[in-house]
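Let me begin by presenting the structure, written as structure tokens, before commenting on it.
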Amino acid sequence: LPGATILLCMVDVLHAFAIEEKGDVFKKMACPAFLMFDNAAYLADMTFELPCNCKPEEVSSVIWYFQEKVGSHKTTVLTDFAGTMVVDSGHIRAGSDVLKRFSIRMFSLIVFRAQETDSGHYLCGTKKGDFFYGYDVDVQPTKHIMVAFVDRGQHVQDDYTEKLFSLFTTFWDWTRCDRCGVRGEQRRIGLCYLRSTQLHPRYRAAVPNVTSCGSKAVPTHFQHRGRLRRPEVAIRSCLTPCLKEEVPEEGVQAISNVISKLGEKPWLPRVPTQFHKHPIGSDLIIACPGARPEHAVAWDKDSVRLYRSRYLINVNKSMRVFIDHGNHLHIQRVRVSDRGTYFCWREGKMVAGFRLSVMYQQRRRRTLNDPETIYAIKAIGMSYILISIIFIVIHVCRCCWR
């Protein structure tokens, strides 16, 4: 009990120290007299954090505002009223409104699973309407992303240059190898950027005269050209050894561990496994626990490696099983042959298993009250009415012509 009390006191002290350190940051940085916007670009489905880099010392809580355009009358207020709301990112659905996908922690705004519609201006301020800091966020889509497989000799897009501007891709670092001990893959995400001397001076970037293609700093007559260049991802093979786990010396292991190992199957990986029954013919999406789009994630079905060079989305137009750019495994129109155990690798380590069993749906008689029946009756009825109208119009026209 005394040890627990001391530990709780230490946690409180560290929390207070973190708040004090945050306060020191605000003392060092003065808010600009003229509100500027820092440019930040992300890929769709990523989670991003926007720190409120400056505020007066007397302000104890902040409110974030979202505007698609500067001066727009439509403004979304992002506040949790106390700065203490914690959102579980695992329960957030893609495509939901930004009001259901944000959290404010230590004055910073965190937006989970960002969508293309989240692009715009984010302002840190107070309830009275005083603004301290601003961001110009550009969320670039993954729908038509360019993919280059380096092992096949494919190359990334060349720079596009015109008289007044140029378009190019800025790549992030290669991810870690998504598997260990066997052949794995690495990804490198690239976002579209534009260089021009005609950018709006109110927007700041890390490099002068350079901003992301979807930024509001880009002049209107350049924006159409910027949309033509898509973000891209490069993929290559890799091989890295697995880290050796420390095994307790003989005699140190607990008796319960020894007994539990007697019933284990040596050919199955020792990872937490979830069991799931899914009806045949319906679609299924599996997510890797704790993984984000920027992480190195891989999937295996039993002992078969599902490499992106074959299973990445849009590699083959007739794909039924594929991996999207958010690292989710999709199985469309589930079949009996899809049953098995799907293993998930995260950052080079196998972390989870997903045991899938397929079941047949029980047939049931449909009644007139079923939504499917009502929809079918309406569709058939409208088709007959449309065909009847066309038939009558044709005969009337023939009679008039005669």
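Using Cβ point charges alone (K and R +1, D and E -1), the dipole size of the stretch 146-240 about the Cα centre works out to roughly 260 debye. Among the trypsin sites (Lys or Arg not before Pro) within the stretch 134-172, those in coil by DSSP and having at most 16 neighbouring Cβ atoms inside 10 Å are LYS143, LYS163.
Taking a probe of 1.4 Å, how large is the accessible area per residue of the stretch 270-359, in Å²?
51 Å²
Quick one: go through the stretch 191-211 and flag any residue whose amide nitrogen is under 15 Å from the point 7 Å out along the Cα-to-Cβ line of GLN157. Hits in the stretch 191-211 for GLN157 at 15 Å: 191-195, 211. Put a plus charge on the Cβ of each Lys and Arg, a minus charge on the Cβ of each Asp and Glu, and nothing anywhere else: the dipole of the stretch 270-359 about its Cα centre is then about 200 debye.
Extension gain, THR75-HIS278: 0.36 nm per intervening residue step, less the Cα-Cα distance, totals 68.8 nm. For ARG333 and SER303, the difference between the fully extended length at 0.36 nm per residue and the C-alpha to C-alpha distance is 8.6 nm. The H on the amide N of CYS52, modeled in the peptide plane, is under 5 Å from the matching H of SER108, LEU109, each at least 5 residues off or on a different chain.
Pop out the carbon and sulfur fraction of the accessible area of the stretch 270-359 as a percent, whole number, probe 1.4 Å.
Carbon and sulfur: 50 percent of the exposed surface of the stretch 270-359.
For the stretch 146-240, the solvent-accessible area of protein heavy atoms averages 56 Å² per residue (probe radius 1.4 Å; ligands and nucleic acids excluded). Please list, by residue number, everything in the stretch 167-204 whose backbone N is under 14 Å from a paramagnetic label point 7 Å out along Cα→Cβ of VAL150. Taking a point 7 Å out along Cα→Cβ of VAL150, the residues of the stretch 167-204 whose backbone N falls under 14 Å are 171-178, 184-190. Relative to the globular-protein estimate of 2.2 N^0.38 Å, the Cα radius of gyration of the stretch 146-240 stands at 1.31. Normalised by residue number, the volume inside the convex hull of the Cα atoms of the stretch 270-359 is 91 Å³ per residue.
In this simple spin-label approximation, ASN314 and ARG292 carry label points 7 Å from Cα along the Cα→Cβ vector, and these lie 2.4 nm apart. Here the spin labels are modelled as points 7 Å beyond Cα on the Cα-Cβ line, and at PHE131 and THR367 they lie 5.7 nm apart.
Phi angles across the stretch 307-312 convert, under the Karplus curve 6.51 cos²θ - 1.76 cosθ + 1.60 with θ = phi - 60°, into 3J(HN,Hα) values of 6, 5, 4, 10, 10, 5 Hz, Gly and Pro given as x.
The values are calculated or read from the model by the stated rules, or taken from the named source; none is laboratory data. In this text, all values refer to a predicted model and were calculated from it rather than measured experimentally. Cβ sites come from the backbone with ideal geometry, for glycine too, and all protein chains shown count toward neighbours. Please note that ligands, DNA and RNA were not included when accessible areas were found on the heavy atoms of the full protein model with its side chains. Shrake-Rupley method; radii C 1.70, N 1.55, O 1.52, S 1.80 Å.
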